[in-house]
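Working notes, beginning with the structure itself.
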Amino acid sequence: MLWLVPFLAQLGASPISDGFFSGDRAYLLLPPVPVGGNVVRSFGWSPDGKRAAVLSIDAPRRAIETALAKGEPSANVKWNLVLWKEDQSTATTVLSEPATQVSILEASSPQWIGSALYLLGLAMGADEPIARYRLIHISPEGRVATLDLPSEDSGVYTFAQGARDLGALVHVQQGEGGYGLTVRFLRPDGLAPSTHRLTAKRVTFEMVHNPTRFAYLVGNEPRDAKSWVTIGPDGKPGPPVDPKQHDLKSARHPFHLFETSLALSAAEGPLHLKSLWMKDETDSERSSALVSADASTEHAEIAPSGEAVLYASRGVAMVRRIIGIDKILYLQMREAALRTEAMSAAKQCALALIMYASDSDDVAPPPHDRDKLLPYIKDRSILDRFVYTFPGGSLDNLKNPSEVEIGYVEGPGGRAIAYADGSVKWRKD
């Protein structure tokens, strides 16, 4: 964990903006990494949280504005599918198609089945007046396969997520007295060949699974009913299940996302800004951390593993890694990092004074003129933290410059003392 010390040192005097406590653990948010952008439409984590899929529009801003004005996609507009891999911290474009050929604007979010990925879009050719649904399958090895689904005058296709390695493609058609559901199950290796039919009084269906990961597609009853009838992957009716006992979206980690709003006055009217935060389930001390100053919970998702958060900010998808460590260890490392940062700040100020003196006949400025050191320091905040104790005057006449204090920077439990020879020593309070 020593590699975290430089990161903690970068957090400065308010590291809580990038970290929070939860019980006996401390969680740190690493700096954001861009994954995909221009205009993000949707994204989703793989079940293990090791990969993320981002669906975005790739086009010049002028082309997007023209397309919106005309109400039709431009030839310069493309749909990109980007995969981010946690172990490599890399983003790779695996699919890019013109929006005039495949419109994923009408599609659902990327659907993960195990380590495979599915996309559902609308395809329309130049000579085809009716759009066709197109299913895109990306295998765990990265192979891309497309399947044009049967088109009908009525009905829509949609996904239903089930167990980690099982989902369903559902075609919904409205009929007299209810709905007809045509179900084909999805697996990591592709779409199952068998087709199953189910009727429903209302369009209330979803995938649930029991601890053995046997999946059902449930329907036929209102959502508030005590149990729903089911169909298994083999097409046979399954036992009734209580949907309340199969909450796939329940939290797997002790923190969640929330947002805050701020209204600002502008010439064109009120400007509403949203900030994205992460917090502990309790209201303990230092239980919140800022994820992004310009993002919302609507376009943000924590990885199932709890090791990263994916969000969209100004149209760009960003990932922030989450590192969990022992709270006591974190406090010790934070103290060491802040002490190291104080030593570095004192060192920079000492060298700035020496450089100024070398350009001024070896004469250092008095404390009230310490701003003369600014040209020799890049960051003004460093000089603001420096308590300048040297009275000024010649450095050339000092007998033991290594013992002459010129100033100090406060740190946790002590201070970093700077000396006239440029050396720095830590002194405990």
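Structure data summary
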{"item": "Hits in the range 325-353 (condition: at pLDDT below 90 and not aliphatic (A, V, I, L, M))", "result": "Lys327, Tyr330, Gln332, Arg334, Glu335"}
{"item": "Matching entry among Ala357, Ala352, Ala364, Ala418 (being within 25 Å of Leu338 (Cβ to Cβ), surrounded by 13 or more Cβ atoms within 10 Å (Cβ to Cβ) and more than 40 Å from the chain's Cα centre (by Cα))", "result": "Ala418"}
{"item": "Unmet requirement for Leu276, which otherwise passes all of (1) in contact (Cβ under 8 Å) with a residue 40 or more places away in the chain; (2) crowded, with 18+ Cβ neighbours inside 10 Å; (3) among the aliphatic types (A, V, I, L, M)", "result": "(1)"}
{"item": "Test: residue in the range 193-201 that is assigned to a strand (DSSP E or B), surrounded by 18 or more Cβ atoms within 10 Å (Cβ to Cβ) and modelled with pLDDT of 80 or more", "result": "yes"}
{"item": "Top-ranked residue of the range 246-261 - restricted to ones that are modelled with pLDDT of 60 or more and not in a strand (DSSP E or B), ranked as farthest from Gly23 (Cα to Cα)", "result": "Arg252"}
{"item": "Selected residue [loosely packed, with under 15 Cβ neighbours inside 10 Å and either modelled with pLDDT of 60 or more or under 30 Å from Gly49 (Cβ atoms) (or both)] from Asp224, Asp234, Asp165", "result": "Asp234"}
{"item": "Unmet requirement for Leu331, which otherwise passes all of (1) over 24 Å from Leu290 (Cα atoms); (2) touching a residue at least 60 places away in the same chain (Cβ under 8 Å); (3) surrounded by fewer than 16 Cβ atoms within 10 Å (Cβ to Cβ)", "result": "(1)"}
{"item": "Residue selected from the range 411-429 under the condition part of a strand (DSSP E or B), hydrophobic (A, V, I, L, M, F, W, C) and in contact with a Phe, Trp or Tyr (Cβ under 8 Å, 6 or more places away or on another chain), by the criterion nearest to Ser358 (Cα to Cα)", "result": "Ala418"}
{"item": "Given (1) within 46 Å of the chain's Cα centre (by Cα); (2) part of a loop (DSSP other than H, G, I, E, B); (3) not polar (S, T, N, Q), number of the condition Phe390 does not satisfy", "result": "(1)"}
{"item": "Where a residue in the range 294-317 is at negative phi and surrounded by fewer than 21 Cβ atoms within 10 Å (Cβ to Cβ) and its partner, wherever it lies, is assigned to a helix (DSSP H, G or I) and hydroxyl-bearing (Ser, Thr, Tyr), with Cβ under 7 Å and at least six apart", "result": "none"}
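Every residue, every condition in (1) among the polar types (S, T, N, Q); (2) at pLDDT 75 or above; (3) within 28 Å of Arg164 (Cα to Cα); (4) surrounded by 20 or more Cβ atoms within 10 Å (Cβ to Cβ), yes or no:
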residue: Met1; (1), (2), (3), (4): no, no, no, no
residue: Leu4; (1), (2), (3), (4): no, no, no, no
residue: Leu8; (1), (2), (3), (4): no, no, no, yes
residue: Phe20; (1), (2), (3), (4): no, yes, no, yes
residue: Ala26; (1), (2), (3), (4): no, yes, no, yes
residue: Pro32; (1), (2), (3), (4): no, yes, yes, no
residue: Gly36; (1), (2), (3), (4): no, yes, yes, yes
residue: Trp45; (1), (2), (3), (4): no, yes, yes, yes
residue: Gly49; (1), (2), (3), (4): no, yes, yes, no
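The values are calculated or read from the model by the stated rules, or taken from the named source; none is laboratory data. Only a predicted model underlies this, so the values are computations on that prediction, with no experimental measurement involved. Please note: Cβ atoms are built from the backbone with ideal geometry, for glycine as well, and neighbour counts cover all protein chains shown.
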